[in-house]
1. May I ask for the angle, rounded to the nearest 10°, between helix 74-86 and the longest principal axis of the chain, with both axes built from Cα atoms and the value confined to 0 to 90°?
2. Can you tell me the FRET efficiency between ARG80 and LYS54 if r is taken as the Cβ-Cβ distance and R0 is 25 Å, rounded to the nearest 0.05?
3. Whose amide H sits under 5 Å from the amide H of SER51, counting only residues 5 or more places off or on another chain, with H placed in the peptide plane?
4. Taking 0.36 nm per residue of sequence separation and subtracting the Cα-Cα distance, how much length would be gained by fully extending the chain between GLU20 and GLU127, in nm to one decimal?
5. Measure off 7 Å from each Cα along the Cα-to-Cβ vector at SER167 and ASN42, then give the distance between these two points in nanometres to one decimal.
6. Stretch TYR157-GLU116 to full length: gain in nm at 0.36 nm per residue minus the Cα-Cα span?
7. By how many nm would the segment from THR70 to GLU141 lengthen if fully extended, with 0.36 nm per residue of separation less the alpha-carbon distance?
8. Select from ASN59, ASN138, ASN76 the residue whose mean-square fluctuation is largest in a Gaussian network model of the chain (Cα-Cα springs shorter than 10 Å).
Amino acid sequence: MSELCDIYNIKGNKTEKVFERGDALKDGQFQLVTDIWIINNNLQILIQKRSKNKKISPNIWATHGGCVATNETSVNGCIRESYEEIGIVLKIKDIELLIRSTNDNLIMDSYIVMQEFNISSAVLQIEEVSDIKWVSLNELEDMVKNKYFFNYLELPYVIKFINTQKSNRQL
């Protein structure tokens, strides 16, 4: 089944045109994608290992997210993707925008949420995800350094968020 996505301009506004996911976009056309960083009360990050059958970055650890579907907001897209991929239910009221960035023909909305999740209750979408686990910030940084984890452009913002949380707890 094909997945339809809205086409956006550089300012992040819908152009009223759609395309089928996987089709090439023209210059000046952008696709909205989203990801979410799930952090627990121990300031650990919930990560997932991409399926070995994925076209892009197979067997690489990553955060949760994907393409935003037609007539969907990016926050609703990250809620849907997280549920589809690992079975976690996220509440929109708890989700904060971390950063919006533009790279190539992508507009990336990155979100963060503080939420507990028992990984034993996860329901993995095997076409997308082969494993999940909680990691500390130090473990994540080592995984990035050793190329086991995808090196996201927003990672410095995630690090800053976690370090701010640590500082606030020490006050």
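1. Long axis of 74-86 versus the principal axis of the chain: about 60 degrees.
2. Values: r = 18 Å, r/R0 = 0.73.
E(calc), rounded to 0.05, equals 0.85.
3. Result for SER51 returns ASN59, VAL129, SER130.
4. Working: separation 107, 0.36 × 107 = 38.52 nm, distance 1.94 nm.
Fully extending the segment from GLU20 to GLU127 adds 36.6 nm.
5. So the two model labels end up 2.5 nm from each other.
6. Details: separation 41, 0.36 × 41 = 14.76 nm, distance 2.05 nm.
Extra length from TYR157 to GLU116 when fully extended: 12.7 nm.
7. On the way: separation 71, 0.36 × 71 = 25.56 nm, distance 3.43 nm.
Answer, rounded to one decimal: 22.1 nm.
8. Ranking ASN59, ASN138, ASN76 by mean-square fluctuation puts ASN138 first.
No value in this document is a laboratory result; all are computed from the given coordinates. Note that the coordinates shown come from a computational prediction; the quantities given were computed from them, not determined experimentally. Cβ sites come from the backbone with ideal geometry, for glycine too, and all protein chains shown count toward neighbours.
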